[in-house]
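Working notes for the structure below.
The values are calculated or read from the model by the stated rules, or taken from the named source; none is laboratory data. Predicted model, so just to flag it, every value in this text is computed and none were measured. Reconstructed Cβ throughout: ideal geometry from the backbone, glycine too, with neighbour counts over all protein chains shown. Note: accessible area is taken over every heavy atom of the protein model, side chains too, but ligands, DNA and RNA are not part of it. Shrake-Rupley method; radii C 1.70, N 1.55, O 1.52, S 1.80 Å.
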Amino acid sequence: MEAFSFSSIPNLPLFFSMFLILYSIAYSIVFRNWSPKIRPEACSCFISLFHGTPAVFLATFAIFSDQNRGFSSPNTKTQNLVLDYSIAYFLTDLLHYLIFFPTDVLFIGHHLATLFVFVTCRHVVFHGSYAILTLLILAEVTSFCQNVWTLATARRHDNQLAAKVYSNLSPYFYAFYSVVRGIFGPFFLYQMGVFFSSGVADNVIPRWLWVSWMCVVITAIGVSILWISNLWVELFKEKKAKLEKEL
């Protein structure tokens, strides 16, 4: 009988099980004393911490280890592994929203659209991972700051340390997020659009599919810019109110 090996397990089920276990640990141990109202959100941040930054490093390695990388180049095994890693995370987080926040249409729609992009790249056309993983890097490079900020925001009214972290981190996180989502994201999306609209990739990535990818990314960037703009407005209002109170 052949000995059991983890290498014999497909990547997606293995990663999905890992994120489910991490979520369970967060819910039952790490945040067990947190309020039931914010506990699920904290657990979502917890698994995001294990996805975002690792995904940035994994995707960067997968891209630069491919000598033939390009917008329409075939996916390598390493690139497929990173796609499976992210698919597993978004499936877990989607399950989280369906259970705890079933009316949060925005996040559920975001996760479904993201999964559509990853799954079609990974399992339908087997091309285009250079573009998708670069977008993943741009999306997740701010995730560590965002998760810390989200956790601090959730506890800032009842925890002095959380309030201090929120106050100190907010302007730097907002600036970082604004530059990535407001400048680098649109710039890369423009390059992606110019390449695909030329038609040179239509034989490996159908026009309807890359147009769908573009629509998903344009919408995501637009919503991100709107979100961070509202946060900037709130921050200035808080600073103004604080200054007026001191005067």
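Some values worked out for this structure:
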{"quantity": "Flag if residue 128 is out of contact with any helix residue (DSSP H, G or I) (no Cβ under 8 Å at 6 or more places or on another chain), open to solvent by less than 70 Å² (accessible area, probe 1.4 Å), among the small types (Gly, Ala, Ser) and within 21 Å of residue 217 (Cα to Cα)", "calculated": "no"}
{"quantity": "Matching helices (runs of 4 or more DSSP H) fully within the stretch 144-247 where at least 1 residues are out of contact with any His (no Cβ under 8 Å at 6 or more places or on another chain), open to solvent by 60 Å² or more (accessible area, probe 1.4 Å) and among the small types (Gly, Ala, Ser)", "calculated": "185-197"}
{"quantity": "Candidates 36, 54, 10, 74 - the one that is surrounded by fewer than 19 Cβ atoms within 10 Å (Cβ to Cβ) and touching a strand residue (DSSP E or B) at 6+ places or on another chain (Cβ under 9 Å)", "calculated": "74"}
